[in-house]
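Participant: This is the structure I have questions about; it appears just below.
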């Protein structure tokens, strides 16, 4: 009996020792596994940073094609391209900044991204004014946008260095919309017409009385009789409902082109990771080529047809002799521009020559 008890006691003593060894081995392995996976876990944690939230200010209505066909899908594609790291919220219809305050608001960081007209900040963008000079012909908004974007990239003007320019867009050629018919220069004499920037100078040279107002205020000014007409792209007839308050459309495509900027606060841009910047630039290039540069062509065509068919507006085409008279009258504006920017230490002749060469090139490509 004693032998059996002794034997059982000896065997029983080995079991806790073995169990202890197994537990120590498992603990060691667990520690190694934990050590090995820590760097990977750290990487995953680094990736879970909060997205960059950007506020975008512009002046078009929420129902405008610029918001629905450009701003919204562009913002959505930037979010996808950056894996959700950049989210853009649009504030249309001047809900964040007035049209005239957008560029300065981006510089100050009130908005992170802004879209508006260079012409709304008179005198601030002397080089960019060249793209709105009368006398340079653009077949359509594709041509005008391509010329402006490439021209700005090549000229690299100091005036836009205080923000990060993402792209520019233009309306292309525009017309005069009025309450009374405009068939001759005599009809224009003394007429109060809404315009901004170089367009205001153009109308003044033709004998009209330009009234400097942003497009967002044109409908009210027309409806109240503060102005008798507007100089702009045909899209405003529908997009801004100006066919409701005007009766005549005078075709004068050599008078007008308006340039819009899409720009970002410089500090916000510089704070982005280089890979994020690269992704955004890829989306920008796609949207410029496929949407932005031709956005106004479709709008202009649709709005003109709607204004005539649905609102009964009358289209007036200038006679060849009358059109030549208008062109001769505004021709000195380009020379005045050259003299003005030369006084600012800029090379006016080279700037104008660059734009004309690009216009000739792209008028051949986009007819």
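Participant: For the structure I just gave you, tell me whether residue 271 is crowded, with 16+ Cβ neighbours inside 10 Å, modelled with pLDDT of 95 or more and either within 24 Å of residue 124 (Cα to Cα) or not assigned by TED's automatic domain parsing to the domain that holds residue 239 (or both).
Facilitator: Judged against the criteria, residue 271 is not a match.
Participant: Further, regarding this structure: Restricting the search to the stretch 243-255, which residues are modelled with pLDDT of 95 or more and in contact with a helix residue (DSSP H, G or I) (Cβ under 8 Å, 6 or more places away or on another chain)?
Facilitator: Hits for the stretch 243-255 are 243, 244, 245, 246, 249.
Participant: Let me spell it out: the conditions are (1) surrounded by 18 or more Cβ atoms within 10 Å (Cβ to Cβ); (2) farther than 30 Å from residue 76 by Cβ; (3) under 26 Å from the mean Cα position of the chain (by Cα), and residue 253 meets all of them except one. Which number is the exception?
Facilitator: Of the numbered conditions (1) surrounded by 18 or more Cβ atoms within 10 Å (Cβ to Cβ); (2) farther than 30 Å from residue 76 by Cβ; (3) under 26 Å from the mean Cα position of the chain (by Cα), the odd one out for residue 253 is (1).
Participant: Condition first: surrounded by 12 or more Cβ atoms within 10 Å (Cβ to Cβ), in a loop (DSSP other than H, G, I, E, B) and not assigned by TED's automatic domain parsing to the domain that holds residue 155. Can you find one or more residues in the stretch 348-360 that meet it?
Facilitator: Among the residues of the stretch 348-360, not one is surrounded by 12 or more Cβ atoms within 10 Å (Cβ to Cβ), in a loop (DSSP other than H, G, I, E, B) and not assigned by TED's automatic domain parsing to the domain that holds residue 155, which makes the answer no.
Participant: Sticking with this one: How about the stretch 275-293: which of its residues are surrounded by fewer than 20 Cβ atoms within 10 Å (Cβ to Cβ) and within 22 Å of residue 363 (Cα to Cα)?
Facilitator: Across the stretch 275-293, the qualifying residues are 285, 286, 289, 290, 291.
Participant: A further question follows. So, in the stretch 194-245, exactly how many residues are closer than 23 Å to residue 306 by Cβ, in contact (Cβ under 8 Å) with a residue 60 or more places away in the chain and in a helix (DSSP H, G or I)?
Facilitator: Residues meeting the conditions: 9.
Participant: Give the residue that is surrounded by the fewest Cβ atoms within 10 Å (Cβ to Cβ), with candidates limited to residues of the stretch 196-228 that are modelled with pLDDT of 95 or more and at positive phi.
Facilitator: Of everything passing the filter in the stretch 196-228, 225 is surrounded by the fewest Cβ atoms within 10 Å (Cβ to Cβ).
Participant: If I ask for residues that are without any contact (Cβ under 8 Å) to a residue 60 or more places away in the chain and either touching a strand residue (DSSP E or B) at 6+ places or on another chain (Cβ under 7 Å) or on the phi > 0 side of the Ramachandran plot (or both), which ones from the stretch 175-193 would you list?
Facilitator: 190, 191, 192, 193
Participant: Being over 21 Å from residue 244 (Cα atoms), in contact (Cβ under 8 Å) with a residue 40 or more places away in the chain, in contact with a strand residue (DSSP E or B) (Cβ under 9 Å, 6 or more places away or on another chain) and part of a helix (DSSP H, G or I) is the filter here; which residues of the stretch 285-321 pass it?
Facilitator: If the condition is that a residue be over 21 Å from residue 244 (Cα atoms), in contact (Cβ under 8 Å) with a residue 40 or more places away in the chain, in contact with a strand residue (DSSP E or B) (Cβ under 9 Å, 6 or more places away or on another chain) and part of a helix (DSSP H, G or I), then 287, 288, 292, 293, 295 are the ones that fit.
Participant: Which of (1) over 22 Å from residue 342 (Cα atoms); (2) surrounded by fewer than 21 Cβ atoms within 10 Å (Cβ to Cβ); (3) in contact (Cβ under 8 Å) with a residue 12 or more places away in the chain does residue 76 not meet, given it meets every other one?
Facilitator: (3)
Participant: Then there's this: Filtering the stretch 166-180 down to residues that are touching a helix residue (DSSP H, G or I) at 6+ places or on another chain (Cβ under 7 Å) and surrounded by fewer than 24 Cβ atoms within 10 Å (Cβ to Cβ), which residue is nearest to residue 218 (Cα to Cα)?
Facilitator: Filtering first and then ranking leaves 167.
To keep it simple, each residue is scored yes or no on (1) closer than 23 Å to residue 108 by Cα; (2) within 15 Å of the chain's Cα centre (by Cα).
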| position | (1), (2) |
| --- | --- |
| 148 | no, yes |
| 160 | yes, yes |
| 176 | no, no |
| 179 | no, no |
| 186 | no, no |
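Participant: Out of all the residues in the stretch 322-344, is one or more at positive phi and outside any helix (DSSP H, G or I)?
Facilitator: no
Participant: Can I ask one more? Among the strands (runs of 3 or more DSSP E) contained in the stretch 46-162, which hold 1 or more residues that are farther than 21 Å from residue 281 by Cα and not assigned by TED's automatic domain parsing to the domain that holds residue 350?
Facilitator: Fully inside the stretch 46-162 and qualifying: 86-91, 113-117.
The values are calculated or read from the model by the stated rules, or taken from the named source; none is laboratory data. Bear in mind the structure is a predicted one, so any value in this text is a computation, not a measurement. Ideal geometry is used to build each Cβ from the backbone, glycine not excepted, and the neighbour counts take in all protein chains shown.
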